[in-house]
Structure formats: C-alpha cells, structure tokens
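J.: Dumping the structure here so I can ask a few things about it.
The values are calculated or read from the model by the stated rules, or taken from the named source; none is laboratory data. Everything quoted here is computed from the prediction, not taken from an experiment. Here the Cβ positions follow ideal geometry from the backbone for every residue, glycine too, while neighbour counts run over all protein chains shown. In case anyone asks, the SASA skips ligands and DNA or RNA and just uses the protein heavy atoms, side chains included. Shrake-Rupley method; radii C 1.70, N 1.55, O 1.52, S 1.80 Å.
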Amino acid sequence: MSHATRIDRLRSYPGFGPLTIICLTFLYAPLLVVSVYSFNATRSITEWGGFSFDWYVRAFNNPTIRDAAGNSLFVAVCAATLATTLATMAAISLLRGPPLKGQTGAVSLVSLPLMVPEIITAIASLIFFVTIGVPLGFVSLIAAHTVFCIPFAYLPISARLSGIEATLDEAAGDLYASRADVIRTILIPLMMPGIASGFCLAFIVSLDDFIIANFVSGPGSTTLPVAIYGLARIGFTPEINAVATLMLAVSILFVGLSWFLGRKTTQIN
Amino acid sequence: MKDMATSLDETQVPPATDPLVAKTALTVSGAVKYYPNAPMPALNDVSFSIAENEFFTLLGPSGCGKTTLLRSIAGFEDLTSGSIRLDGDSIESLAPNQRPINTVFQHYALFPHMTVAENVAYPLRRLRLDARAIERRVAEMLALVKLAEMADRKPAKLSGGQQQRIALARALAPNPRLLLLDEPLSALDLKLRREMRTELKQIQIKTGITFLFVTHDQEEALAMSDRVAVMNNGQVEQIGRPEAIYNAPANEFVATFIGETNALSGLVEKTGSGAAQVIVLGGIALAADADLAVGERVGVSVRLEKVDLRPPGEGAVDAIVEQTVFLGTDTVVHLKVGKETLQARLQHTDRARPVPAPGDHCSVHIDPGAATVVARSNR
Amino acid sequence: MQDAAAVAQRSYRVGEARSRRVMLSPALTVLVVGLVCPLIIVLVYSFLEAGTYGGVEWRFSLEAYQQFLFQRDIFDDSLSFSTAYLEIFGRSLFMAVLATAVCLAIGFPTAYFIATRPPEQRMFWVFLITVPYWVNLLIRTLALLFIIRDQGPINAALQGLDMIDAPLRIAYTDFAIVLGLAYSYLPFMILPIYAALERSDTRLVEAAYDLYASKARVLVDVVIPGAKAGIIAGAILVFIPSIGSYLAPDILGGGRELLAGNLIAQQFQASRNWPFGAACAVILMTVVMLGLIQFVRSQERTRRGEMR
C-alpha cells in the first residue's frame, strides 16, 4: 500500500469518526424531526397519521404568519441591500492601496457587531431609537439589521477582493483607467460572486434574527421569528413545524447558494 | 571607471541610436528611493537616459532595484528624490493613468473577466476613442502578435505564451511613448522564451516604440538590447552596448555577473606610451590601460574562451589539467597553474586538438589584449 | 525645492487616499451611529435614575450598580449585601463554561476527523457543519425543545419501549440550557479548530512517529499544541454568545431561572427598569471584553511563538 494511506491510518484516532457522526446527528436530528412532523397528518407525536400538507396550508392561511413573513422578507431585502452596498464600499477602500490612517480601527469597527452579545445590541438599539425619538417600526428595524448585517456581508466580499491580484488594478491604471474606472470596470465585475455571497448571508442573518427584532420592531412590523415565538408561547402546534421547515429550507437554499458562489470564486483564481 | 567603459563604447562603435545624436525619450536623473523601515536605499543615485526607438535593458540580480525603478517610471511608486522626464517634461506629478507609458507585467495581469479583444480595447476605451477606431486598432494589434483568431476567448483559455502576446498587444495598442517590460519572459519555458525574444525584438523594430526592458537574465539582455544598464545594490554599474558590457566589463561585479570569467590577480610591470603591462599567473603578460603605477596589484578578468591551451612548453606558463566538464558544444577545463586555478572553455569544432584529460600537462597562452582590469588596490 | 517637488509628486496619491476615505465613511458612519453611539448611551443610562413608568430620569445615580450588589429593605430603606444578581451572573458564567467544554469535547474530534479527510472532501464536511449555524436560532432552539420535552419523540420512544414509566425530565432544566447552548454554537468551535489543524504541518506528526512517540503522545505533544490557536478562538467564539444568550434559557430553561441575557431583557420588558438593565449590560459587556482581550493576547503569543 502507498505511504499516504499508511500515514492516514496513523493519523486517525479510534472514536473520532463515530464522534463526528454523533456531532452531526446532534446538529441535524432536531431539524429533521421537526421537518418530518410537519408532514404528519395527525397532531400526535407517537402516531404517523399519513403524509399531509395540511399544516402548510393552515400556516399560509394564518394572517399573522402571512403578514409576518411579508415583513420579514421586506426587512431582509432592504437591510441586506444596504449592508452589502456599505460593505462593498468599505472593502474596496480598506483593501486596495496602502493602509489608511486608522485602518486597524476601521477594520475592528466593521467586525464590532460580531463581538457584542446580541441581547446587548438589541437593548442598545432600543434605547437609542427611543432616545432620539424614532418610533419603533420598519425604519428602526431596517436600521438595526443593516448595522448587524454589515460584518456578515463584509466577510465574503473582502475574502473575494483579497483574492483579486493588485496587479490588475495597477494594469488598469497603467492603461489610462481612473480610480473610478478601475472600480467600475475591474473590481466590481470580479467581486460579483463575493458580493452575491455577502448579500445571501446578510439576507439570512436578517431573516433569522429574533432577538433584535423582538426589541425594535413595532406592532405593524412584526417579523416571522417574532411571530413564531409568540405562537410557540401559546402552544406547540404542527403549524409551527411547517413554518419552521419552510424557514429551514430558505436558509439552506441561501447558504448553499452563498457557498456555491464562494466555491466558484476559488475556482476562478 | 564607469566613464571609461562608456566612453570606450561610444568612441569605438557609434550606435545607431546614439543618445547624443538621437532624440532623448526618457531621462532619469539622481533617482533615490528609500522604503520605510529599510536601512539601505532601493535606488541610490541612478541616472541614465534612453533614446527614442531604443531597446534599453535594465539587467541585474533580484533586489538590485530594477523593478523599483520601473515601477517609479510607471507611476506605482514615488521616488524619494530625483527626477523622471519624458520628452523633456517631468512626469512625477502625473498619476499612472495620465502617463503615456504602458507596462507589460511579469504575470501579464490580463483581466480575467474580459475577452482577448476586450482586454486589448481596454486602454482605447479609457482614452475615449470612437468605436470604429477601437475595432480597427484591436484587429491591427492582434494581427501584430499573430493571435487574431483568439479575439473572443477568455485569457484563461490561452497558453502562457499566448497570454504574453496579448499583454504585449494590450500595452502597445494605445501607441505609448515608452513601453515598460517587467521580466515578461520569466514565466515561460526555455524554448518559448527564445522564440519570444526574437519576436519581441521584431515587434520593437516594426512599431518603433521605445522599450525599457527589465530582466535578471543576461542572455536575454545581450540578445535583444541596443544598450544595457547593469544594476547592483540600487546603483548602475555600467551602461553600454551588449558587446562592450561583455568584452570590457567596467568592474568585477559586471565581469562576474555577465558570462563566466577568470578573476585573476595581476602585478603591473611597466607603464608608458599610453599603455601598461600586467603580469598574471606568474608569467603571462597582458595589456591594460595607462593610468596604472608600476608595482600596483590589480584584479584582471579573462573570459574562459580567451584562454588558449597549447602543448607543454609552447605557451607562456605550464599547467596541469585537474578536471574536465563536458557541456555539449564545448568543454570547460579546470587547470592548476602553480598555486592558482584557471578555467578554459574549448570549442569542439576544433577537431585537430583533442580535449585533454585530467592529469595531462599543457601550457597556457592568453592574447595580451584579451583581459580587462576590473579592480585595483587603493595603494 | 526638492520638498516642493516631493509634495507635487504625491498629490494624486493624496487625492486617492481622500476618495478612499470618502468611500469608507458611509459604512463607518452607520456603524458609529447605529452601534457605538447606542452602546455609549447604554453606559450613560446605567448612571441615571429609573423613571417611574419605564425610561429614565436625567439625574446622575449609582442606584443601578448598587441594586446589583445590595438589596434595599422595604421598611427601613437600609442596604444589605445580596448575592441574587451575582448568582445569576455566576450561573451564566458557569453554564457558558460548561457549554464551551461540551463543544470542545465534541468539536475537537470532529474538526480533527474533517481535517484528516482527503482535501477534496473537506469542503463538503465543512459545509455540513456550517449549514445549521445559518438556520434560524429560534427555530433550532424550538426544534430542540420539540424533541426533548415531556411529550416529545425521545420520551415517547423511551416510554413506548417500556424503558421508563414517567417521562424523563430533560426540558426546562439546567441540563437543557447547556445542551441548547452547545447545540447553538457548536459550529463556532469546530471551524477555527479545523482551520488550525488544516494549516498545521503533517510532517511534524510523521517526525513524532519516527521518534518513537505513541498515538496518545502524538496527540498530546504535537496535534493539540498545533491547534492551540484554533481551540482558543473556538472557545471564545462559543463563550461570548453563550454568556449573553437569551433564547436557550428562555425557551429550554422555561424562563424560570434567569441568566444574564434574560435578566437584561426583563428590565426592558416586564420590570421596566432601564438603568438597571443598562448596568447589567455594561457588566456583561465588561466580562465579554475581558474574554476578548485574553483572546487577542493569546493570539499574539502564538504568533510570536510561530515567528520564533
């Protein structure tokens, strides 16, 4: 046998493989169980009453859920668009050319939302909006989500940008392109997969957020997670399973998309 | 001594593009560049000028400052002091995109998201030429580099050599006043590199554009250039035509960096009437320039192919063959002359004389005019 | 004269730096206004008096911090030292540490297993680990509650098999909270450890075997030290969100025993004591900062170690 397989055998430890399976089971089992039960025709946990879309139909017909889903999508699209735009501009400014004055400070500021526990971000935003007199609603929610989403959009965008050789900028500059031309004709087109990937992540983060939305959304701007939380307080219904499964599917779809775009990124280079 | 070599070059063989006669394209004077946190300057008082239509090469080992110099001319770096003039006008206050200078980058830097034609059209679009003119110029350029059929491909689908030509076509398209080439052949394999060498030279002649070529490969420099500037430690060691650089190196660095040479120690025996005589290897008399003093010790460079082996007793000094190294078209013979060592390169075309074997006795002859004094003691 | 030339020569680079700063400013402005300012306001509020109906009175007061350590007697208004809130923070700390330990115990072998897969398979395993992180935390926490509650499938199965008579009490316990925290943040532990292991030099492992090390010794002497930076990063990334967690204790703990995150949230909901909530947030933020500083220091130490 070849040397490679021998060293692989030496490097493996008994039990690490099974532990990995346990780890993945731990991560996925609850999600799988919820999805399976969302198709169960009966309310029972112990009985399988046959396959059914009933709970999905009911969830769609529930005006609370429907409105909340619409709000969530609206907020996520707005916040993700804003966060992606800001993150793209920040990435180009920070990563192209010699370090700016205060570069380190700017970079840590961009990742600050990741460092602060979400509950603190939530109550800080609440206090802030109340203090400056912005009523709680779509404006406060979109603003808070934009701030929170910036680092998530920034990560794949900056990763992609660092993968683009700086000589391309120099070559374009050498070929009579102004800085605006370089950004428009070279950087943005080449960064596109990273920008799309950043948008996907920002979109999911906004869609998934419960804690911040719970504090800064107003009566008319309740998002889906806030609505689900309210319903789950009353009682665990299969309807919740159905909505949860749908959200699961959306998340996996977007993460898959973001991952796929990121992979394409590495293949280009 | 630098001056000596240059004047020698210019008096003996006046070049077609003599910078004193032809119009000057680029002048670099007193260029100094310090990088932050580096104790030594990357450029230390570099001055030279390039004539119009000249193929000028900066040759030197990596880290000698040649790339820094090129990047300063292109506008990617600022000089600490000194000036860069193009056609007599200072260009230092111009951004790279305002300088009528284009660069062929070492790794081509083709835009991966654009087709070959779009790449070549890029500078023309930035210069706001009209669409028909751009189309015509792109076709012309692709024909020049013989890649017209690749117009609609993406750069990733091309071979290294083809990418190289596209980079060249793109840089030539706007008809720059000066073309900078940053080790453009270093990423190609040997065979392709030789082909591209000829082609580059032809394109330069055809387009009449001034080329400033940077390389660490002496063969490349000697093969293509009208003039070569040899750089080391941020300084220009010698500027001259390839033959002059090879045959009359100005100092020990140039002598050893270009071609293979025997660095010998010599003693000045007599001087007078515009020449001096230097004795090396305890018995070979060589001619040297006049301003040497009798009794002075000097360093002498003798090219391997200038060393002539003769049967014992026929040459000036006797030698013993220590080792022979077969190199295909020729053989290098390592000799012991007294306590000193010497190498000779024998061409195989000379069938009359067999290649000696280790242990053989022979004698050495060197033409008096074959040597160059490259170093002298300060006494 | 030379200076004048030098200034002129750099003018276009100055312009470029200016345009970069202009392009950077919207993001920084949004972050400063939307996060830094609110955090400063939280700090300010923690030193104000509580308003009667929520909100604050703009008068300087240390009341909020006093309340954290002392209890005010209802009758004679005297202060007596009370550990009630300290206990809540202590329990948060304890559970966060426990959750971090559980994540490390499961996460390290998993990360090692992935890092020793063939290179082309690794990205797929990493993808599998990442996906749950992107699924809504609320949904995941509810899903965990769904399977561990008294009427959930685990208890139903165990009862169906006659292994237990009464349902196992898993939900609404401290154990459930730790489980939930580990479940929430496990990917944060695996990814940095995996990154560190993947970067580490496999030749060191070969050298150790060559020098008569046993499997266990190789793990202890070579593999774990090589992944130390990743382990520390993973621990911090699990610890920080765990100590401020809100959903896991709220949903899985049944909200009966408060943790720091819930205590803070409560002050802005039912209790309506904003200064006290702000003070708790400041204290929590201080704990997190200490953790982050520790993290940065250890990162620097490893970097220096690598340079040597």
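J.: Out of C:Ile129, C:Ile139, C:Ile177, I need the residue that is free of Cβ contacts under 8 Å to residues at least 40 places away in the same chain, crowded, with 22+ Cβ neighbours inside 10 Å, within 22 Å of A:Leu31 (Cα to Cα) and aliphatic (A, V, I, L, M). Which one?
T.: Going through C:Ile129, C:Ile139, C:Ile177 in turn, the sole match is C:Ile139.
J.: Can you tell me how many residues in the range B:191-213 are open to solvent by 90 Å² or more (accessible area, probe 1.4 Å) and of a type outside the set (D, E, K, R)? Reasoning before the result, please.
T.: Keep residues of the range B:191-213 that are open to solvent by 90 Å² or more (accessible area, probe 1.4 Å), which gives B:191, B:194, B:202, B:205-206.
Then drop every residue that is not of a type outside the set (D, E, K, R), which leaves B:202, B:205.
Count: 2.
To keep it simple, each residue is scored yes or no on (1) part of a helix (DSSP H, G or I); (2) more than 9 Å from chain A (Cβ to nearest Cβ); (3) among the basic types (Lys, Arg); (4) in contact with an Asp or Glu (Cβ under 7 Å, 6 or more places away or on another chain).
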position	(1), (2), (3), (4)
C:Gly180	yes, yes, no, no
C:Leu191	yes, yes, no, no
C:Tyr209	yes, no, no, no
C:Ala213	no, yes, no, yes
C:Gly234	yes, yes, no, no
C:Ala248	yes, yes, no, no
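J.: Also: Here are some residues: B:Ala275, B:Ala229. Which one is at pLDDT below 85 and either among the aliphatic types (A, V, I, L, M) or in contact with a Phe, Trp or Tyr (Cβ under 6 Å, 6 or more places away or on another chain) (or both)? Steps first, please.
T.: Details: B:Ala229 fails: at pLDDT below 85.
Matching residue, one of B:Ala275, B:Ala229: B:Ala275.
J.: Restricting to the range B:93-116, what's the tally of residues that are more than 9 Å from chain A (Cβ to nearest Cβ), in contact with a helix residue (DSSP H, G or I) (Cβ under 6 Å, 6 or more places away or on another chain) and either within 18 Å of A:Asp181 (Cα to Cα) or open to solvent by less than 20 Å² (accessible area, probe 1.4 Å) (or both)?
T.: Number satisfying all stated conditions: 2.
J.: Sticking with this one: Those residues that are over 22 Å from A:Ala249 (Cβ atoms), assigned to a helix (DSSP H, G or I) and not aromatic (Phe, Trp, Tyr), I need them from the range A:13-54; list them, please.
T.: Of everything in the range A:13-54, those that are over 22 Å from A:Ala249 (Cβ atoms), assigned to a helix (DSSP H, G or I) and not aromatic (Phe, Trp, Tyr) turn out to be A:Gly17, A:Pro18, A:Leu19, A:Thr20, A:Ile21, A:Ile22, A:Cys23.
J.: Can you tell me how many residues in the range A:153-178 are more than 9 Å from every other protein chain (Cβ to nearest Cβ), within 30 Å of A:Asn71 (Cβ to Cβ) and surrounded by 24 or more Cβ atoms within 10 Å (Cβ to Cβ)?
T.: Going through the range A:153-178 one residue at a time, the tally reaches 3.
J.: Filter the range A:73-94 down to residues that are in contact (Cβ under 8 Å) with a residue 12 or more places away in the chain and within 10 Å of chain C (Cβ to nearest Cβ), then give me how many there are.
T.: 9
J.: Further question on the same structure: The conditions are (1) touching a residue at least 60 places away in the same chain (Cβ under 8 Å); (2) open to solvent by less than 20 Å² (accessible area, probe 1.4 Å), and B:Asp226 fails exactly one of them. Which is it?
T.: Looking at each condition in turn, B:Asp226 falls short on (2).
J.: So, restricting to strands (runs of 3 or more DSSP E) that lie completely within the range B:204-269, which ones have at least 1 residues that are closer than 18 Å to B:Ser47 by Cβ and of a type in the set (D, E, K, R)?
T.: On the way: elements: B:210-215, B:227-232, B:235-240.
Here the list reads B:227-232, B:235-240.
Rundown of residues vs (1) more than 30 Å from C:Gln151 (Cβ to Cβ); (2) open to solvent by 20 Å² or more (accessible area, probe 1.4 Å); (3) at pLDDT below 90, yes/no style:
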position	(1), (2), (3)
A:Ala180	yes, yes, no
A:Leu187	yes, no, no
A:Cys200	yes, no, yes
A:Ser206	yes, no, no
A:Val216	yes, no, no
A:Thr223	no, no, no
A:Arg233	no, yes, yes
A:Thr237	no, yes, yes
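J.: Among the strands (runs of 3 or more DSSP E) confined wholly to the range B:300-379, which include 1 or more residues that are open to solvent by 50 Å² or more (accessible area, probe 1.4 Å) and modelled with pLDDT of 90 or more?
T.: Working: elements: B:307-310, B:317-326, B:330-337, B:340-347, B:361-366, B:371-376.
Passing ranges, in order: B:317-326, B:330-337, B:340-347, B:361-366.
J.: Filter the range C:146-174 down to the residues that are part of a loop (DSSP other than H, G, I, E, B) and open to solvent by less than 70 Å² (accessible area, probe 1.4 Å) and list them by number.
T.: C:Arg149, C:Asp150, C:Gly152, C:Ile164, C:Ala166, C:Pro167, C:Ile170, C:Ala171, C:Thr173 - these are the residues of the range C:146-174 that are part of a loop (DSSP other than H, G, I, E, B) and open to solvent by less than 70 Å² (accessible area, probe 1.4 Å).
J.: So which residues in the range A:189-225 are β-branched (Val, Ile, Thr), more than 9 Å from chain C (Cβ to nearest Cβ) and part of a helix (DSSP H, G or I), if there are any at all? Explain how you work it out, then say what you get.
T.: Initially, the range A:189-225 is screened for residues β-branched (Val, Ile, Thr), giving A:195, A:204-205, A:211-212, A:216, A:222-223.
Still in the list and also more than 9 Å from chain C (Cβ to nearest Cβ): A:195, A:212, A:216, A:222-223.
A:Ile195, A:Ile212, A:Val216, listed by residue number.
J.: Please enumerate the residues belonging to the range C:254-278 that are open to solvent by less than 10 Å² (accessible area, probe 1.4 Å), in contact (Cβ under 8 Å) with a residue 60 or more places away in the chain and within 18 Å of the chain's Cα centre (by Cα).
T.: Residues satisfying the conditions are C:Leu259, C:Ala260, C:Gly261, C:Leu263.
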